[in-house]
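Novice: Structure below; questions to follow.
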Ligand code: MLT
């Protein structure tokens, strides 16, 4: 999984790529890096070129003072420009889904198909925004440990293989706390994107683990109901990271989505 980099307005922007065929721009969740798509990068769906960036301040992408979902989406659009791709299937896991929906709002003509994995179209409520700010401050003062403690227990079902959980924990602990704090504040500022989704006419995969407590099935169902061309895939027994708990199933659904958009 070689990491590629480009200069984006004076900042380093990194991404991983694998596979050949129709492009799928896949945004990672919080607080991970593009490495968190290892099953989809090691065995890309046939006919799919998976392009997975590191958001600014994560992995090998340099930080920036702010990381709103719109800014992360604009970084992804700049990558599509740099790769000469006028359109792509666009998707993401959780925070990555917020970014994919922001990209859809900013540049709908660039999106051939949409993959919304363990995510939602709703904004944070006031209590949620306060929790984000508290955690952002803790990250700045104490590093990633409080963030790992807040998120890791909710990510996986009890049946998840320990090496998968350990790899995700290592990815989380390697994130720059300043990058994590900026993204927490960015998530708190995000807009409700239900209207954007309601206008999307292309194919849309909505996948969710049946045990997801962060972005539960009801949120996935709501997105699937809004989007005329949607297919809802409920991954029984998986939690928030269904693409790691049932990688073959989620990769096959991604492959089918991209094939249906050609
Ligand atoms: C994620 O997995 O990206 C986060 O759990 C999203 C969130 O906290 O809303």
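The values are calculated or read from the model by the stated rules, or taken from the named source; none is laboratory data. Bear in mind the structure is a predicted one, so any value in this text is a computation, not a measurement. Virtual Cβ from ideal backbone geometry, glycine too; neighbours counted across all protein chains shown.
Novice: Could you check the stretch 106-147 and list, in sequence order, the residues that are closer than 29 Å to residue 252 by Cβ, in contact (Cβ under 8 Å) with a residue 60 or more places away in the chain and in a helix (DSSP H, G or I)? It would help to see each step written out before you state the result.
Specialist: From the stretch 106-147, those closer than 29 Å to residue 252 by Cβ are 107-122; that's our starting set.
Checking which are in contact (Cβ under 8 Å) with a residue 60 or more places away in the chain leaves us with 108, 111-122.
The one that is closer than 29 Å to residue 252 by Cβ, in contact (Cβ under 8 Å) with a residue 60 or more places away in the chain and in a helix (DSSP H, G or I): 108.
Novice: Among the candidates 62, 89, 113, which residue alone is touching a strand residue (DSSP E or B) at 6+ places or on another chain (Cβ under 6 Å) and under 20 Å from residue 2 (Cβ atoms)?
Specialist: Details: 89 fails: under 20 Å from residue 2 (Cβ atoms); 113 fails: under 20 Å from residue 2 (Cβ atoms).
After applying the criteria, what remains is 62.
Novice: Does the stretch 213-238 hold any residues that are closer than 20 Å to residue 165 by Cα, buried (at least 23 other Cβ atoms within 10 Å of the Cβ) and within 15 Å of the chain's Cα centre (by Cα), and which are they?
Specialist: Within the stretch 213-238, 215 is the sole residue that qualifies.
Residue-wise test of (1) at pLDDT below 95; (2) within 15 Å of the chain's Cα centre (by Cα); (3) within 20 Å of residue 204 (Cα to Cα); (4) surrounded by 24 or more Cβ atoms within 10 Å (Cβ to Cβ).
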position	(1), (2), (3), (4)
70	no, yes, no, no
74	no, yes, no, no
95	no, yes, yes, yes
100	no, yes, yes, yes
119	no, yes, yes, yes
125	no, no, no, no
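Novice: Follow-up question, since we're still on this one. Looking at (1) touching a strand residue (DSSP E or B) at 6+ places or on another chain (Cβ under 6 Å); (2) assigned to a helix (DSSP H, G or I), find the lone condition where residue 163 falls short.
Specialist: The failed condition is (1).
Novice: Next up: Just name the residue that is farthest from residue 9 (Cα to Cα) out of those in the stretch 76-99 that are away from the ligand (no atom under 16 Å from the Cβ) and in a helix (DSSP H, G or I).
Specialist: Ranking the qualifying residues of the stretch 76-99, first place goes to 80.
Novice: Between 150, 207, 201, 183, which is within 13 Å of the ligand (Cβ to nearest atom) and either crowded, with 20+ Cβ neighbours inside 10 Å or not in a helix (DSSP H, G or I) (or both)?
Specialist: Numbers: 150 fails: either crowded, with 20+ Cβ neighbours inside 10 Å or not in a helix (DSSP H, G or I) (or both); 207 fails: within 13 Å of the ligand (Cβ to nearest atom); 201 fails: within 13 Å of the ligand (Cβ to nearest atom).
Sole residue among the options that is within 13 Å of the ligand (Cβ to nearest atom) and either crowded, with 20+ Cβ neighbours inside 10 Å or not in a helix (DSSP H, G or I) (or both): 183.
Novice: What are the residues in the stretch 153-168 that are within 14 Å of the ligand (Cβ to nearest atom) and farther than 14 Å from residue 214 by Cα, if any? Steps first, answer last, please.
Specialist: Narrowing the stretch 153-168 to residues within 14 Å of the ligand (Cβ to nearest atom): 153-156, 168.
168 - this is the single residue of the stretch 153-168 that is within 14 Å of the ligand (Cβ to nearest atom) and farther than 14 Å from residue 214 by Cα.
Novice: Here's a follow-up. Only one of (1) at positive phi; (2) part of a helix (DSSP H, G or I) is not met by residue 237, so which one is it?
Specialist: (2)
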